Amino acid sequence: MSIVETLKNGIKAIVKNKYGLDVETSSFDLAAPPENQPGHFGSNIAMVLAKPLKKAPFLIGEEIAAALKTMDHIADVEVIKPGYTNLTLKHEFYKTELDNMIRSDSAFKNDLGKGKTVNIEFVSANPVGPLNIVSGRAAAYGDTLANILDYSGYRTVRETYVNDFGRQMHLFALSLMARYLQLYGRNNQVPEEGYQGEYVTDIAKAMKEEKGEIFYKSIGEVSDLEACPQYAQFRAFGLKHVLNWQNRTLEKFGVKFDRWFSETSLHESGEVAGAFKIIEKRGLFYEKEDAVWFKTTDFGDDKDRVVKKTDGGFTYFASDIAYMQNKIKRGTDLIINILGPDHHGYVKRLESIMQGLGYEKERIRVIILQQVNLLEGGEKMKMSKRAGNFVSLDELLESVGKDAARYFFVMRSYTSHLDFDMELAKEQSDKNPVYYLQYAYARLCNIFEKAKEAVKDSTEYNADRISLDVLEKEELELVRAIILIPGYIRESAEREAPNWLTEKVHFLASFFHSFYGKLRVMQEDRGLMLKRLFILKALKRTFEVCFGIIGITPREKM
RNA sequence: GCGCCCGUAGCUCAGUUGGAUAGAGCAGCAGAUUUCUAAUCUGUUGGUCAGGGGUUCGAUUCCCUUCGGGCGCACCA
């Protein structure tokens, strides 16, 4: 449990005890007070209670303060102006906290998820080409959020959906066939709406290589590519090739899915038909104009949606019903769906499915990421596949590297449009916030490198052998920043906001850089040195945990 | 037309579910290097929180409205 939770629970107990009121720990604040204000932590609890108790907040604050003063780890309590209740903690308490963080990863964890299983689906790109920038944002955001949830008491499943069933896949297969036949001098053309990209020819070449002359000869003369018996092989080869490609890209990006879920498999296993029966039984299907419709308007959608087309084929939406049922059946308590900016019309549809299957709407959470604008030196780059200036995730990684890419993608709230400046991300300077963090870590590592000579036995700065009784301003601020991190991990989870964490880690680095500029670690006064090494050991662990969550590399040297 | 997101410092953005003097980074200005890495630090300039109305002890935050920007409104995926 984080220090903030511990203190909040203490306050909660006091309120219950004194006023017989149950307050949620999330209903009041406990945070660092503004500068010039006393105390290490301040709470607005008295103001929150003013209304229900019909009492002046200042008086409530004083009553709570009196009770707080009897608590173990509290040195002093002051009540300020309208009723802010500010606590000063005993340094001994900080020592215990830091020690916990050094000793075990569990000090960074919280129980927000209460062991619930959450399936978090992201990227889910069509398997017909390279991943783009929007997928990059989704990958970074989804993976980081999953990491945060891992620390917050959830059992996470990272999943991506492979749209290998529909029209896009079909067009891709036809495009590949045409390119393949062209390699043998035939004049087959890529369909009008097909995939014109050069990579299709590359895949065709790979296929030529692998399948050999015999395969080509078996095809013979065909006018209708789709009717050709070899069509399925092109489709399968293209799919496999692209998925491998996407997987390699994601690996470079530090993202690994637990499962790549095939849309086709839902049809083959009969799950689409099975899920249909459930919706049908609940009377949510009807026929109109020879098509089958789902009454999504019952659940707040603008219009009903087709699941089975006039030609008898299923829509993408139909697979989604089976897919959601599949996830639930696997024991998923909560489904998180991370979608691109052009999908906000899909939120109601997915919620409709959840409710149509007979579950509460709250079991699905759809997160819509806003668009990414790629800038180069402040100029907006217009991207279009047709114009050929389309930037793939591979190219982005090539040009700015994994660390900068991941950091830039999660440093802003998902509700905002993201300006991704390629120049800035490439730049190795103080303009680039990624280096600010990595530099802090490198400086830290350097201190420990130096410390090896002065302190042969690192247990000399274990918690039981140092004292935090006296702390200078910079030390105290750094210590406080460190011990607040586990609480921020929890808050990031609650808000589904990785950017909340990146901001706090940036502050943490800032406190350290300040500390570094002002105070020396390696020095004559051995007690002082050991104390600082102890604090920095906890800081190092904290950086490692946070970097791991964000997905950036802790570099020991820069 | 309807729906979703957004409008906060010159630029890019935070803003802890309605609370302390609205915060960072960059850019600008003035400083710091015989000391563990200056990719750093210290100080400083810059705000009618798009406009208007409402709710209340208190609004950047909630409600209504106007204006401005982005995206979406398929028997495509």
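Calculate the dipole size of chain A relative to its Cα centre from +1 charges on Lys and Arg beta carbons and -1 charges on Asp and Glu beta carbons; express the result in debye to the nearest 20.
Its charge dipole is roughly 680 debye.
Percent of Cα-Cα pairs per 5 Å bin, from 0 to the last occupied bin, for region A:187-326, please list those.
Binned Cα distances yield the sequence 2, 7, 12, 14, 14, 13, 13, 13, 7, 3, 1, 0.
Any idea what diffusion coefficient region A:458-558 gets from Stokes-Einstein, in µm²/s, Kirkwood Rh on alpha carbon pairs, 4 °C, 1.567 mPa s? Kindly include the intermediate steps, with their values, before the conclusion.
On the way: Rh = 14.5 Å.
The diffusion coefficient I find is 89 µm²/s.
Of the peptides A:486-498, A:361-373, how do they stack up when ordered by the mean number of other Cβ atoms within 10 Å, highest first?
Packing order, densest peptide first, comes out as A:486-498, A:361-373.
Per residue, how much accessible area does chain A have with a 1.4 Å probe, in Å²? All intermediate terms of the calculation are to be shown ahead of the outcome.
Values: 26080 Å² over 558 residues.
With the other protein chains kept in place, chain A gives 47 Å² per residue.
Kirkwood hydrodynamic radius of region A:479-532 from all distinct Cα pairs, in Å?
After inverting the pairwise mean of 1/r, the radius is 12.7 Å.
How big is region A:3-89 in terms of Cα radius of gyration and Dmax, in angstroms?
Rg and Dmax of region A:3-89, Cα atoms, are 11.5, 34 Å.
Tell me the mean residue ellipticity at 222 nm calculated for chain A from its helices only (DSSP H runs of n ≥ 4, each -39500 (n - 2.57), averaged over every residue, nearest 500). Show your work: numbers first, answer last.
Details: 19 runs with 284 residues, N = 558.
Helix-only estimate at 222 nm: -16500 deg cm²/dmol.
Once you sort the root eigenvalues of the Cα gyration tensor of region A:398-510 as a ≥ b ≥ c, which label holds: rounded (a/c under 1.5), prolate (a/b larger than b/c) or oblate (the other case)?
oblate
By average Cβ neighbour count within 10 Å, what is the ranking of A:23-33, A:210-220, A:138-148 from highest down?
Highest to lowest by the protection proxy: A:138-148, A:23-33, A:210-220.
Looking at the P(r) of region A:167-252, how many percent of alpha-carbon pairs lie beyond 22 Å?
Details: 712 of 3655 pairs.
The answer is 19 percent, as a whole percent.
Binning at 10 Å from 0, report for region A:504-558 what percent of all alpha-carbon pair distances ends up in each bin.
Spelled out bin by bin, region A:504-558 gives 21, 50, 25, 4 percent.
Would you mind computing the Rg to Rh ratio of region A:297-377 from its alpha-carbon coordinates, Kirkwood style for Rh?
Result: Rg/Rh = 1.05.
Per 0.36 nm of contour for each residue apart, how much would the distance between residue A:18 and residue A:395 grow if the chain were fully extended, relative to their Cα-Cα spacing?
Going from the current span to full extension adds 129.5 nm.
Carbon and sulfur atoms: what percent of the 1.4 Å accessible area of region A:3-89 do they account for?
Looking at region A:3-89 in its full context, I get 50 percent from C and S.
Take the alpha carbon atoms of region A:11-75, find their center, do the same for region A:449-465, and report the distance between the two centers in whole angstrom.
40
Give me the percent of accessible area attributable to carbon and sulfur for region A:100-231, probe 1.4 angstrom. Display every interim value, and only then the final one.
Details: 2580 of 5640 Å².
Heavy-atom surface of region A:100-231 belonging to carbon and sulfur, 1.4 Å probe: 46 percent.
Mind running the shape call on region A:124-166? Use the C-alpha gyration tensor, a ≥ b ≥ c as the square roots of the eigenvalues: rounded below 1.5 for a/c, prolate if a/b tops b/c, oblate otherwise.
Oblate.
In whole Hz and in residue order, list the ³J(HN,Hα) couplings for region A:100-109 that follow from phi through the Karplus curve 6.51 cos²θ - 1.76 cosθ + 1.60, θ = phi - 60°; x for Gly and Pro.
3J(HN,Hα) across region A:100-109, in whole Hz: 4, 5, 5, 6, 8, 4, 5, 5, 8, 9.
What percent do you get for the relative contact order of region A:3-89 when only Cα pairs under 8 Å and 6+ apart count?
On the way: 139 pairs, mean separation 23.3, N = 87.
Relative contact order, region A:3-89: 27 percent.
Step through the residues of region A:315-326 one at a time and calculate ³J(HN,Hα) from phi using the Karplus curve (6.51 cos²θ - 1.76 cosθ + 1.60, θ = phi - 60°), rounding each to whole Hz and writing x for Gly and Pro.
8, 4, 4, 4, 4, 4, 5, 5, 5, 5, 4, 4
Just to be sure I understand: if I project the alpha-carbon convex hull of region A:1-147 onto a plane and average over all orientations, what area do I get in nm²?
Averaged projected area of region A:1-147's Cα convex hull equals 13.0 nm².
Quick one: Debye curve from the C-alpha atoms of chain A, no solvent, what's log10 I(q)/I(0) at q = 0.06, 0.11, 0.12 Å⁻¹?
-0.41, -1.09, -1.21
Please label the shape of region A:101-223 as rounded, prolate or oblate, based on the square roots a ≥ b ≥ c of the eigenvalues of the alpha-carbon gyration tensor (a/c under 1.5 means rounded; beyond that, a/b larger than b/c means prolate, else oblate).
Verdict is prolate for region A:101-223.
Please state the relative contact order of chain A as a whole percent: Cα pairs under 8 Å, 6+ residues apart?
Value for chain A: 16 percent.
Stretched out fully, how many nm does the piece from residue A:9 to residue A:206 gain, at 0.36 nm a residue minus the Cα gap?
64.7 nm
The values are calculated or read from the model by the stated rules, or taken from the named source; none is laboratory data. Worth saying up front: this structure is predicted, and the values here are computed from it rather than measured. Quick reminder, even Gly has a Cβ in these numbers, built from the backbone with ideal geometry, and neighbours come from all protein chains shown. SASA here: full protein model, heavy atoms, side chains in, ligands and nucleic acids out. Shrake-Rupley method; radii C 1.70, N 1.55, O 1.52, S 1.80 Å.
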